[in-house]
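Everything below concerns the one structure shown next.
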Amino acid sequence: MKFETKVIHAGIQPDPSTGAIMTPIFQTSTYVQEKPGVHKGFEYARTQNPTRSVLEANLAALENGSHGICFSSGLAALDAVLKLLEPGDEVISSNDLYGGSYRLMVRLFERYGIKMHFTDLSETENVKSLINENTRLLWIETPTNPMLNIVDIKALAEQVNEKVLVCVDNTFASPYLQTPLDLGADIVLHSATKYLGGHSDVVHGCVIVKNDALADQLRFIQNAAGAVPGPQDCFLILRGIKTLHIRMDRACDNAEYLAEKLLSFDKINKVYYPGFADHKGHDIAAKQMKRFGGMISFDLVENTMENAEKILSNTHYFSLAESLGGVESLIGHPASMTHASIPYEERQKTGLTDSLIRLSVGIENKEDLWNDLRSAIER
Ligand SMILES: *Cc1c(COP(=O)(O)O)cnc(C)c1O
């Protein structure tokens, strides 16, 4: 099955009892048993839910994995991955990452004796100096958030030994543009809130793996810790996924157009977009991604928060909001919004300046989007 067919059909069958073509929302907490222990494979809805099972099968197929495991949010999915670790274990992570992931790692998991190291993973060499016998997890985001650096997944996966789990947060690319398990990753994670859901109406997360033993451990955590999504949320993600390829293609078309246009402005200092031939990670992106994504960041020559605010509060189609990956375009200010939980010094190291603006390009008309941005920048 090709990707465009998988989004509609993989793991999905019409409901056998009614013929309903859409997966029913099984809004139930428990299931009747014939005799103790004799049931239809479903006992209690934290452990199994048929709507969730269909979504999990579909996600596994999209990422070329064997098991999908769903959670109530992207961070709940990360929380489950971190619970694979023991006190004393060490993690090496991208230093340019989602602010909430950083907060969960540092503010919560460091308290339980897990040691975090943050480094620029777009320099593959940086892992060598941090890796030791306690390293258990390599945490990769690519493209990174919000600087849109590219990390070479295959090169890093080849560099670490089999004791190190390689996990890729694939939220920015979506499985349509990038399938990390094919590049040597052990775990793929999504905030399905973003491109998979695609309509800014649900919070959801998932992990996908190939290895059966790893899947068993993650399923144990899913059930034991209980951060599971409700069936309606699973239904919305299933529904969103059906148009993922079309939405993603349009978002990429629009982002390519806008990134070029932004370059023409004197007021703009740098435009970060992996689709540019002179972007540092362009060749790797071209190798490991189908296209370059719908996210763009840029900053201003007059690098102040006030100048950024003028743009942020004067767009009309680009709504000022956290999040990304929906059909509607969003504009955001990482320093004060998504990345406010990362200390100032850490941010500066990655180029996340006070005037940095991040765009999540939606699927509207590209000229309307450009006129909207241009008039806000020209003010
Ligand atoms: C949003 C996001 C998360 C967190 O997901 P939630 O669904 O908000 O919990 C993790 N990683 C990335 C890259 C994100 O954009």
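Taking a ≥ b ≥ c as the square roots of the eigenvalues of the Cα gyration tensor, the stretch 1-135 is prolate, since a/c reaches 1.5 or more and a/b is larger than b/c. Counting only DSSP H runs of at least 4 residues, each contributing -39500 (n - 2.57), and dividing by the residue count of the chain, the helix-based mean residue ellipticity at 222 nm comes to -9500 deg cm²/dmol.
Note on Glu43 and Lys163: the model spin-label points, each 7 Å out from Cα along the C-beta direction, lie 3.5 nm apart.
Across the chain, the convex hull enclosing all Cα atoms gives 138 Å³ per residue.
Report the percentage of all Cα-Cα pairs in the stretch 164-229 whose separation exceeds 19 Å, rounded to a whole percent.
Details: 780 of 2145 pairs.
Above the 19 Å cut-off, the stretch 164-229 has 36 percent of its Cα pairs.
You can think of it this way: the chain between Asn303 and Ala277 has 6.8 nm of extra reach, that is 0.36 nm per residue less the Cα-Cα gap. Each Lys and Arg adds +1 at its Cβ and each Asp and Glu adds -1 at its Cβ; summed about the Cα centre, the stretch 11-106 shows a dipole of about 360 debye.
I want the local charge near Thr350. Using Cβ-Cβ distances under 14 Å, sum +1 for each Lys or Arg and -1 for each Asp or Glu among the other residues. Before the final figure, lay out each step's value.
Numbers: positive: Lys270, Lys280, Arg347, Lys349, Arg358; negative: Asp96, Asp120, Glu123, Glu141, Asp299, Glu345, Glu346, Asp354.
Neighbourhood net charge equals -3.
Mind grabbing the base-10 log of I(q)/I(0) for the stretch 83-221 at q = 0.09, 0.15, 0.21 Å⁻¹? Debye formula, identical points on the C-alpha positions, no solvent, two decimal places. So the normalised log intensities work out to -0.25, -0.73, -1.51. Of all the options Ser17, Ser129, Ser72, the one that moves most in a Gaussian network model of the chain with Cα springs shorter than 10 angstrom is Ser17. Which distance in Å, rounded to a whole number, links the C-alpha centroids of the stretch 16-91 and the stretch 207-264? Result: 15 Å between the Cα centres.
List, in the order given, every pair from Lys163/Lys290; Lys154/Lys280; Lys280/Lys349; Lys154/Lys210; Lys163/Lys349; Lys83/Lys163 whose Cα-Cα distance in the structure shown is over 23 Å. Can you show the working numbers first?
Details: Lys163/Lys290 30 Å; Lys154/Lys280 17 Å; Lys280/Lys349 17 Å; Lys154/Lys210 16 Å; Lys163/Lys349 30 Å; Lys83/Lys163 16 Å.
Result: Lys163/Lys290; Lys163/Lys349 exceed 23 Å.
Here is the list for the stretch 127-165: GluC sites (Glu not before Pro) lying in DSSP coil, each with at most 10 other C-beta atoms within 10 angstrom of its C-beta, are Glu133, Glu162. Using the Cβ-Cβ distance between Phe220 and Asp15 with R0 set to 25 Å, the FRET efficiency works out to roughly 0.30. Positive contributions from Lys and Arg (+1) and negative ones from Asp and Glu (-1), summed over other residues with Cβ under 15 Å from the Cβ of Ala155, come out at -3. Over the stretch 244-378, one equal point on each Cα, no solvent: what is log10 I(q)/I(0) by the Debye formula at q = 0.13 Å⁻¹? Relative scattering, expressed as log10 I(q)/I(0), comes to -0.52.
Within the stretch 110-190, the trypsin sites (Lys or Arg not before Pro) that combine a DSSP coil assignment with at most 14 other C-beta atoms in a 10 angstrom radius are Lys128, Lys163.
Just need the relative contact order of the chain here, percent rounded to a whole number, with Cα pairs under 8 Å and 6+ apart. Present the calculation step by step, with values, prior to reporting the outcome.
Numbers: 761 pairs, mean separation 65.8, N = 379.
Averaging sequence separation for qualifying contacts and normalising by length gives 17 percent for the chain.
In this simple spin-label model, placing a label point 7 Å from the Cα along the Cα-to-Cβ direction at both Lys270 and Gln348 gives a separation of 1.5 nm. Residues with beta-carbon under 13 Å from that of Gln178, excluding Gln178: net charge, scoring Lys, Arg +1 and Asp, Glu -1? Surrounding charge for Gln178 is -1.
For the options Leu148, Leu108, Leu82, a Gaussian network treatment of the chain with springs between C-alpha atoms closer than 10 Å singles out Leu108 as fluctuating the most.
All of the numbers you see were taken from the coordinates with simple rules; none came from a lab. All values reported here derive from a predicted model rather than from experimental measurement. Positions of Cβ are backbone-derived with ideal geometry, glycine not excepted, and every protein chain shown enters the neighbour counts.
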